[in-house]
1. Under 19 Å Cα to Cα from Lys58, which aspartates and glutamates show up? Leave out anything in the same chain fewer than 8 places away.
2. Give, in nm to one decimal, the length gained when the segment between Ile283 and Asn77 is fully stretched (0.36 nm per residue of separation minus the Cα-Cα distance).
3. Taking a threshold of 30 Å on the Cα-Cα distance, which of the pairs Lys123/Lys165; Lys128/Lys217; Lys53/Lys127 fall above it?
4. More than 24 angstrom separation, counting every C-alpha pair in region 143-282; what % is that?
5. Taking Cα atoms, how many degrees apart are the long axis of helix 48-62 and the longest axis of the chain, rounded to 10 and kept between 0 and 90?
6. How big is the chain by Rg and Dmax over its Cα atoms, in Å?
7. For the chain, find the longest principal axis of its Cα atoms and tell me its angle to the long axis of helix 111-121, 0 to 90°, nearest 10.
8. Among 228-238, 111-121, 275-285, what's the highest-first ranking by average C-beta atoms within 10 angstrom per residue?
Amino acid sequence: MLWTSRAKEANMNKISQYYKEIYSETSSFQNLFDSEFINYNSREDKHWNFIFKDELKKFLFSNEISSKDVNLENLHNEIGQEYFSFNTIGQQNNSRPKISDIGFDFILQKESLYHDFLRWVRKKIIKKNFYFQKTPTIRFHVPGIEKRLSLPAWHSDSFFGHSPKEINFWFGLTDNKHSDFWMNSLQDSEKWFQEYSYDREAWKNICFSNDSDFIKKGFINAFEVCDIYDNLAIFDSRCIHTVDYRSERDPTTKITIDMRIILVDDYEWLLVEERPIFVGDGIKKAEFRPGSKYGYHKKSIDEIMFDK
Ligand SMILES: [Fe+2]
């Protein structure tokens, strides 16, 4: 099909219509938790934050990056600055420092730990079958770096190609006073997205234009996620959120892991005008479907539940 500008516009309208409907529905997350956000206390149950932290410390030591008893909250002072410098200026947060590549290697090496974590999530929290992101993301935020990322960038992950039916998980491996992770309620998120006619392209244009009114608006009613080392923040993917730079109010290194799951019952591979809509914006063009290279693992959690 010739992709004319008129066809492109019709396609965008259909996608916006889809988002409008989805934003008005009660999600599986809301049905499960009677809320759009929960801060699940992991310290009182199984302290995954500590387990991942401990494994990360061992990994950094065995790769001769840090000392054995490194203090991760002070990582920016304990290892060389070259780990945190950016070589390229990226578009839409694509550029990353060396420490992020090290983190990525760590995550790949700890796949079985990640699967154990997911089995536990299935049993203790979600209690339903789900697909999950094949590779979670580990992020390092250090104070005093050049501001090379486009932050804060208010968004729902679904504006960047994820399904709005996903459930987000986000937690800290470091014990920081401030998370710099800000969330809007679902009601405020819907109202705000409506101002852009549920058009994810229009949203991204303003989001990456560094518009100070847009940035300020997000903070008016947002709340900051707290106690990130004691909890797993779990939320309805439609909630608009952002991370901000580390600042003087808490000049520590923050390390977090985030990942997304989707209930098997909610999963769909939606095509609009023969084009898939759950495709990531990044260079990898991740397709959010089971078995794709950068999307969900090919097996659902129930299929790996007893695979050991
Ligand atoms: Fe996000």
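What follows draws every value from the coordinates through simple rules; no lab data is involved. Note that the structure is a prediction, hence the values are computed from the model and not measured. We place every Cβ from the backbone using ideal geometry, glycine too, and count neighbours over all the protein chains shown.
1. Cα-Cα hits under 19 Å: Asp69, Glu73, Glu78, Asp101, Asp105, Glu111, Asp116, Asp175.
2. Full extension of this stretch gives 71.0 nm more.
3. On the way: Lys123/Lys165 20 Å; Lys128/Lys217 36 Å; Lys53/Lys127 26 Å.
With Cα atoms farther than 30 Å apart: Lys128/Lys217.
4. Details: 3303 of 9730 pairs.
Roughly 34 percent, rounded to a whole number.
5. 60 degrees
6. 19.3, 60
7. The two axes meet at around 70 degrees.
8. Details: 228-238: 22.3, 111-121: 16.9, 275-285: 15.4.
So the peptides 228-238, 111-121, 275-285, ranked by packing, come out 228-238, 111-121, 275-285.
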